[in-house]
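> Pasting a structure here, questions to come.
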């Protein structure tokens with residue numbers, strides 16, 4: 001995960017710990033590995049909608065910049 005996000009393992013662990021403290025994710029340990037999962041489908045839907053909105057805004061900005069050229 002940390003390689004995909006281009007962040008250190010300790011940085012991601014700290015963020016996941018805060019998400020767990022905020023009761024947004026749950027974890028399970030399997031040996032040395034810890035697996036995290038969102039606790040609620042509502043959170044998943046919120047993230048999905050947020051992503052769609054941000055991608056739409058990015059597309060509009062790109063189109064606007066292309067028209068200005």
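Just so you know, all these numbers are worked out from the coordinates, no wet-lab data involved. The structure displayed is predicted, hence computed values, not measured ones. A quick note on method: Cβ atoms are made from the backbone with ideal geometry, for glycine too, and the neighbour counts reach across all protein chains shown.
> Condition (residue is in contact with a helix residue (DSSP H, G or I) (Cβ under 9 Å, 6 or more places away or on another chain) and outside any helix (DSSP H, G or I)) applied to segment 53-69: is it met by at least one residue?
Taking segment 53-69 and keeping what is in contact with a helix residue (DSSP H, G or I) (Cβ under 9 Å, 6 or more places away or on another chain), we get none.
Among the residues of segment 53-69, not one is in contact with a helix residue (DSSP H, G or I) (Cβ under 9 Å, 6 or more places away or on another chain) and outside any helix (DSSP H, G or I), which makes the answer no.
> Okay, moving on. Using beta carbons and a limit of 8 Å, which pairs, at least six apart or on different chains, have the first residue in segment 57-69 and at positive phi and the second one loosely packed, with under 10 Cβ neighbours inside 10 Å?
No pair meets every condition.
> Among residues belonging to segment 3-18 that are in contact with a helix residue (DSSP H, G or I) (Cβ under 8 Å, 6 or more places away or on another chain) and assigned to a helix (DSSP H, G or I), point out the one that is nearest to residue 32 (Cα to Cα).
9
> For residue 44, only one of the following conditions fails: (1) in contact (Cβ under 8 Å) with a residue 12 or more places away in the chain; (2) in a helix (DSSP H, G or I); (3) in contact with a strand residue (DSSP E or B) (Cβ under 6 Å, 6 or more places away or on another chain). What is its number?
It fails just one condition, (1).
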